[in-house]
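To start, the structure under review is shown below, and the notes come after it.
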Amino acid sequence: MESLLSLLRDAGAAVFRILETRAAHDLQHPLHDEHRLNRWYRRLLTVLPVSLVGLVCLWKLDRDASSWRDETVSYAVGRRSLGELWHLVHNIDAVHGLYYFLAHLVLAVWDDGVLTLRAVSVLGTLTAVLGVHAIGSRLGDPVTGFMAGAAFLCVPQVQFYTQEARSYALVSAAVVWATWFFVRALQDERRRWWVGYAALLLLAGWLHVFALLVVLAHAVTLWRSGRVRRLGWRWGLVITCVGCAVAPLAVVSAGQASAQLDWLGRPSLQDWLGFVVPAAVATALGVSFRRQAQGAPRAVTLPAIGVPLLTVPAGFLLTVSLVHPWYVDRYVLYGMSGLALLVGQAVRHWQWIVRAQADPAHRRRRLYATAAAAFALISSLGPWYWHLRSPVSRTDTVESYWGLTVTVPGEPEPVLFQPARRRAWVLARPAVFGPLDDIALRQTPAASGTLYGVEASPDVIRRRMLRHREINVLRDRPGQPLDQTPAEITKREVLRRHYRLCWVIPVNGGESAIFIRRDAAATDPLCAPARDIYD
């Protein structure tokens, strides 16, 4: 650890010397154009984001050898055959169908559990960071691009999904690069940029339908640029073609929405604050930069791209969620690239202010203030980054259930999942749970083309439960919303009337609860009257 810190310190000092030398050169040559940086300087600012992503995103990638249920679903589904995948997307989760297919291909090459899929997310984040860097460099300069890419990497939500075995980092990468092609098409108007724009939008839409909400942001940018009459028909043609190509997925996903998103509630106060605060900051920065702009008022600028990118998709989805609760921040994670672009421009603007200060004492004070602000920001975000790399940062920890069932060969242990989707806890590594008698299960997930399997009818579940003297119930912690399906109601009713709760082992995100039938509880040591069930 000390050698790593020493290496990072030396690298940071070398970079600082390079930047300091460059700043001194610019001050000695005031006519030097800021946009014509030396080739080595440009390469440095391109390589640095790659190094930062490698250092930050690969740090504790295994998250202390832990995973959570959504990741185990990705891994378990990715290991299914192509026929089973096709069967699945016809029934559920079609919105993630392309990601599951990519996971299948990657796991066929290298299967190291969810760690393999997290590495794919790291590559997605790296691609997104380079895309933000490219947009910032195109509409600003390489320094602005570097600052914007670093800002995007530092966003806590980005860090969260960088180490997640899900599709959201890949979606962000596709959307960011689609935005880059959109910028080039507005500036250049050649056909190849529109073709690239259409291809990246198509990829983003098939990775997740909500990615296409970015076209609303692009529509605002197109309108603000004053190019609607000249380029509106081309943009409309691209959107029409992409919409037609993604329409089958959108129709199937809409039909599955009630089964997939029924766990969502309407946006909470935290959701609104998570949108309003960054949107207010981005809008304030955009207004400030627009007032300072000296070029054409309708030029394609970073504020014209960044503000709509952050505010429009998330704002639209939040508004729709007042009627149909579909909002989760990860569905519009790519919007944070808009905030990063504005932050990159703000940092670059502050750098120009510091350089323009003629008085060395004033310049030194501003540098000290900048360093203090950067240190305070890193100090505040550091504990949060550390938390994101711990098992408790997720809703549950699948590995905490290992050992809570009988793992030695012999009679299968009767197990009940409450609710049925908690069967995800055993999907990735069923062998570590030993032989299980899954009381409620009628058809396995792979055979039924579902994520969690198909359960038997309530009458069958009741008969199966009453056969057993003791049942191990793997369930949510108390206080969680209860599913009101007939099967779940039956499970709760049978346990309440015919069984007694005698032992509970709480773990991260759930618990193992041992229920013993009332006619046998009186003689069972676990059910002794004075015994604490949590002991």
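Just so you know, all these numbers are worked out from the coordinates, no wet-lab data involved. The structure displayed is predicted, hence computed values, not measured ones. Cβ atoms come from the backbone with ideal geometry, glycine included; neighbour counts cover every protein chain shown.
If you count the DSSP beta bridges with both ends in the chain, what percent of them are antiparallel, to the nearest 5? Beta bridges within the chain, antiparallel portion: roughly 65 percent. The distance between label points at A284 and W59 comes to 2.8 nm (points 7 Å beyond Cα on the Cα→Cβ vector). When you restrict to C-alpha pairs under 8 Å that are six or more residues apart and normalise by the size of the range 399-527, the relative contact order lands at 24 percent. Model label points for Q480 and A257, set 7 angstrom from Cα along the Cα-to-Cβ axis, are 2.6 nm apart. Relative contact order for the chain: 15 percent, from Cα pairs under 8 Å spaced at least 6 residues apart, divided by residue count.
Treating r as the C-beta distance of L216 and A373 and R0 as 35 Å, the FRET efficiency rounds to 0.55. Taking the chain, the Cys residues with no second Cys beta-carbon under 4.7 angstrom are C57, C154, C241, C244.
Pairs of Cα atoms nearer than 8 Å and 6+ residues apart set the relative contact order; for the range 195-296 it is 29 percent. Would you mind checking the tilt of helix 228-260 against the longest principal axis of the Cα atoms of the chain, expressed as 0 to 90 degrees and rounded to 10? Approximately 10 degrees, to the nearest 10. The antiparallel fraction among DSSP beta bridges confined to the range 399-527 stands at about 70%.
Each Lys or Arg adds one and each Asp or Glu subtracts one; over the other residues with Cβ under 12 Å from the Cβ of A284, this totals +2. For L466 and A247, a Förster radius of 56 Å and the Cβ-Cβ distance give a FRET efficiency of 0.70, rounded to the nearest 0.05.
Of I514, I305, the sequence from fewest to most neighbouring Cβ atoms within 10 angstrom is I514, I305. Once both labels are positioned 7 Å from their Cα atoms along Cα-to-Cβ, the gap between R442 and T407 label points is 3.3 nm. The C-alpha atoms of the chain define a longest principal axis, and helix 39-57 lies at about 20 degrees to it. What is the angle, in °, between the Cα long axis of helix 214-224 and the longest principal axis of the Cα atoms in the chain? Nearest 10 is fine, range 0 to 90. Helix 214-224 sits roughly 20 degrees off the main axis of the chain.
Between W352 and W110, the FRET efficiency estimated from the beta carbon spacing at R0 = 35 angstrom works out to 0.15.
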